[in-house]
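K.L.:
Questions regarding the structure given below will be posed in turn.
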Amino acid sequence: MKIARGFSGLFAICVLGTMAVSAQEFGGSLSGFGDTFEAVQHEAIERFQERVETGDAMASLALARRYLASSSTEEQRQGIELAEQAAKSGAAEANLLLGNVYGRGGFGLAPDLVKAKTFLEAALEQGSTSAAVSLGQLYLATDFSAEGQARGFDLIEGAALDGSIEAANVLAGLYASGRGVAADLDKAFDYFSVGLVSDQNATIVALGDVLRSGSRRSPPDFDLAMDFFEQASENGDVSAERRIADMQLRGESVPQDIAGAIDMLAALASAGDAASEIALGDIFARGEFVPVDSTRAVQHYETAADRGNVTGTIRLAEIYATGLGGVPANVGEALALYNQASSLGSSSAKRALAQAYFTGRFGSVDPARALELLEEAANLGDGEAAEDLAVLYASNEPFPANYENVRRYLDLALAVGNTDAALSVSSAIVSGPLARTHREDARAILDGAINGGIPGAPATLARLQLDGAFPAEGVSGVISMLNQAALDGDVEAARFLIGLYRDGNGLLLRPDLDAANDFLAAVEDKIGPDLATVERIHITALQSERPETLEKISEQFMTLSQRSAMGVLDMLRRENARAYVYILQKGLTERGNYTGPVSGSLDRQTIRAFNATCAELGAQATCAPGPLTRGTVVTLGNYILQPPPLARAAQSELEASGPASAN
C-alpha cells in the first residue's frame, strides 16, 4: 500500500511539475492574444472561423457546439451547418451530435428518424460507444419488430460490455422493469453495479429511484432508497437532495416532516436551485401537504422564472388561467405568460396554448393556430405534442384523417421516448374513419407495443377486443391473454383483469367478486402491497355498507401511501359514499374537528364539520360545490392523511417561519 501511495505521489509531482513548466514557458506568449478572458476567447473564435474555411473538422465542431448553446435560432442553424460540415470531414463526435439532434428534435429542426439513424450509424462505424447507446435506444423506442428490438438490445448490451456506464444503466432499467425482456433483478443489479462500483452519481440516483418506486418483482424499499440518495447527496448531487426532501414530505423511510422538507428545499433554493423553487411553489399551490398559500406559491414561481426557469413562467400562467386562493383569474396575464414561455422555446407552453385555441379557453377558437403550435412543440421534440397530433389526424376532427401524418407523428413521439403514444394512437385509429382502411396497421402497432414490453399494451388490446374493435377468441381469450401478461409482471394487465372480474362486462361477463379476490391473491406479489390494498378496498366497497365493512375499509385505507389513499377516497365517494364519509369522520375525530358518531352517515353535524375544516384550511371555495365533490376530497383527504400532530402544527410552523424561507 505504501509503495502504491509513493508511486501515485511521485506521479502527481511529475504532472504538477510539467504543468508548472508549461505555464512558465507559455504564459508570456498567451498574454499576447488579449488582456481579458473575453479578448482571448474572441481571438480563439476568429482563428477557428478561419480554419472552418479550410475544412478543419475540429474547428467546425467546436464552433457548432458554441452556436447550438445559443438562444438565437439563427446561430443554432449555423451550429447545425457546422456540425454537418464536421461530419462530412469524418468527425465521429459530429455524427453523434447530429444523430441525437435529429432523434429528439430541437434547434429549429423537426425530429427525423432516417437522418438520426444515418448519423448514428456513421458514428458507430467510427467506434463511438455513445452512438451505440443512442442508436440502440432509438431502435427500442421506435422499431417494435423482433429484429428491431434485438438490434437495439444488442447495441446497448455491446456498449455496456465495452464499459459504458450509460448503457449499463439503460439495461439495468430494462431488467428492473421487465420492459422488452423478462424482469430479472439479478441482472438489473449486475448492470447497475457498473456505475455503482465507481461511485457514479447518475447510477446511484437511478438505482435509488428504482428502489423507491419498486419494480414488477420487488416492492418499494424506502429505507434503502433513502440511503442511496444520501450517498449521492454527499457526493454533491442536488437532485438527490431534492429527492430526500420529497421523501421527508411524504413520510417515506422517515417520519413525515413537512416543515423540515420545506426548510431543506428552501436552503437549496437559496443556493440557486431553480427546481427547488418549483417544488416549493407546487407545495403551496396544490394544498396536498399544507393549506394553499397562493402568495407564497407565486413568490417561488416568480423567483424560478427570474432565474431563467421557464417552468416557473408556465406555473404562473396556470395560476392566472384559473385563479388560486387570493390570486384571481386573469386571462390576459395567463395568455401573456404562456406566450412569453412559448417564445423562449417551451414546448409545454406551446401545447397549453394549442389546447386553449382548440377549446376557446382564452376567448377565441382557432384550430389552425392550435395545429401550428402543436407542430412547433413536436418539432422541439415534445413527445406529448407529437402524440396529440397523431391522435388528431386519426380522428378526423377538426382536420381530415390522414394516416401518413398519423404514422409520422407517432414515429416522432416514439423517437423521443413517449411509448404510451402507441396505445392512444392505435386506439384512435380503430375508433375513427381510418379503421376501415388501417385497422390491421393499428393492430400491428399494438402487437409491437406488446412485444416491446410497453406497460399497458395488453390491457389496451383487451379493452379494444371487448369493444369489438379487434377480433378475439371470446371473453375467455381476452382473460387468457391478460392472465399471461399479469403473470409476466404487467401491472396494468393485472389490474384490468381484476376490474373485469369485479365489474363484469355487460352481457358477456357478469361481476364475480370471488373471482376478483382469487385473482388478486394470485398476482399480489406482482403488483405490490400498495396497489393490492387499493384493489382489495375497491372489491370490499362493492360488497356492503355494514359497519364492520366500513371499519375494515378504513383500516386498510390507513396503510396506503398518500397518493394511493387519495385515489381510493375519490373512488369511494362514487362507489361507496358511506365508506368515504366514514373515513373522513374518523380522521376528523382524531384531529378534534368532529365530535359526532363515526357511522358513515352524511348528516348535518358531519356536513358542518366538513365545512368548518375547509374554512379553517382556507379552502371554502374549493369545498363549496359539496361534500361529495372532488375539491372536498382533495382538501379533507390531504388533511386527515397528515399525522395528527402535524395536521394543526405544520401550518403554524410555516407561518412562524415567515416569507423569508421562501427564498
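The values are calculated or read from the model by the stated rules, or taken from the named source; none is laboratory data. Given the structure is predicted, the values throughout are model-derived calculations rather than measurements. For neighbour counting, all protein chains shown are included, and Cβ atoms are generated from backbone atoms with ideal geometry for every residue, glycine included. These accessible areas exclude ligands, DNA and RNA; they are computed on the full protein's heavy atoms, side chains included. Shrake-Rupley method; radii C 1.70, N 1.55, O 1.52, S 1.80 Å.
K.L.:
Could we say that S270 is open to solvent by 20 Å² or more (accessible area, probe 1.4 Å), among the polar types (S, T, N, Q) and in contact (Cβ under 8 Å) with a residue 40 or more places away in the chain here?
P.N.:
When the stated conditions are applied, S270 passes them.
K.L.:
Hey, can you tell me all the residues within segment 78-107 that are among the basic types (K, R) and either part of a loop (DSSP other than H, G, I, E, B) or at pLDDT 90 or above (or both)? Step through it out loud before you land on a result.
P.N.:
Taking segment 78-107 and keeping what is among the basic types (K, R), we get 88, 104.
K88, the sole residue that qualifies.
K.L.:
So, one more: Suppose we keep only residues that are at pLDDT below 90 and either among the hydroxyl-bearing types (S, T, Y) or open to solvent by 10 Å² or more (accessible area, probe 1.4 Å) (or both) within segment 478-489. Which one would you say is farthest from the chain's Cα centre (by Cα)?
P.N.:
L487
K.L.:
Go through segment 447-476 and give me each residue that's crowded, with 16+ Cβ neighbours inside 10 Å and under 23 Å from G173 (Cβ atoms).
P.N.:
Within segment 447-476, G448, A449, I450, G452, G453, I454, P455, G456, A457, P458, A459, T460 meet the criteria.
K.L.:
Of the conditions (1) assigned to a helix (DSSP H, G or I); (2) farther than 18 Å from M571 by Cβ, E535 clears all except one; give me its number.
P.N.:
(2)
K.L.:
Another question about this same structure. Considering only segment 175-195, state which residues are crowded, with 20+ Cβ neighbours inside 10 Å and without any contact (Cβ under 8 Å) to a residue 60 or more places away in the chain.
P.N.:
Those that are crowded, with 20+ Cβ neighbours inside 10 Å and without any contact (Cβ under 8 Å) to a residue 60 or more places away in the chain: Y175, A176, A188, Y191, F192, V194, G195.
K.L.:
For the list (1) within 24 Å of the chain's Cα centre (by Cα); (2) under 20 Å from T419 (Cα atoms); (3) in a helix (DSSP H, G or I), I need the number of the one condition that Y191 fails.
P.N.:
Answer for Y191: the failing condition is (2).
K.L.:
Another question, if that's okay. Within segment 127-142, take every residue that is free of Cβ contacts under 8 Å to residues at least 40 places away in the same chain and of a type outside the set (S, T, N, Q) and give me the one that is farthest from A172 (Cα to Cα).
P.N.:
Going through the qualifying residues, I end up with G127.
K.L.:
Could you please find all residues in segment 276-300 being among the hydrophobic types (A, V, I, L, M, F, W, C) and either surrounded by fewer than 18 Cβ atoms within 10 Å (Cβ to Cβ) or not in a helix (DSSP H, G or I) (or both)?
P.N.:
Of everything in segment 276-300, those that are among the hydrophobic types (A, V, I, L, M, F, W, C) and either surrounded by fewer than 18 Cβ atoms within 10 Å (Cβ to Cβ) or not in a helix (DSSP H, G or I) (or both) turn out to be F289, V290, V292.
K.L.:
Sticking with this structure for a sec: For A110, state whether it is hydrophobic (A, V, I, L, M, F, W, C), touching a Phe, Trp or Tyr at 6+ places or on another chain (Cβ under 9 Å) and at pLDDT below 90. Outline the logic, then answer.
P.N.:
On the way: hydrophobic (A, V, I, L, M, F, W, C): yes; touching a Phe, Trp or Tyr at 6+ places or on another chain (Cβ under 9 Å): yes; at pLDDT below 90: yes.
Yes: the conditions hold for A110.
K.L.:
Can you go through D223, D237 and tell me which one is within 24 Å of Q256 (Cα to Cα) and exposed (fewer than 15 other Cβ atoms within 10 Å of the Cβ)?
P.N.:
Within the list D223, D237, the selection yields D223.
K.L.:
Next question. Just name the residue that is most open to solvent (accessible area, probe 1.4 Å) out of those in segment 196-215 that are part of a helix (DSSP H, G or I) and either under 30 Å from S145 (Cβ atoms) or not aliphatic (A, V, I, L, M) (or both).
P.N.:
Among those residues, the one meeting the criterion is S213.
K.L.:
Considering segment 596-617 alone, what residues qualify as being assigned to a loop (DSSP other than H, G, I, E, B) and either open to solvent by 70 Å² or more (accessible area, probe 1.4 Å) or of a type in the set (A, V, I, L, M, F, W, C) (or both)?
P.N.:
Of all residues in segment 596-617, those assigned to a loop (DSSP other than H, G, I, E, B) come to 596-603, 617.
Residues satisfying the conditions are P597, V598, L602, L617.
K.L.:
If you scan segment 304-345, which residues turn out to be in contact (Cβ under 8 Å) with a residue 12 or more places away in the chain, of a type in the set (S, T, N, Q) and open to solvent by 10 Å² or more (accessible area, probe 1.4 Å)?
P.N.:
Correct list: N309, T311, N339, Q340, S342.
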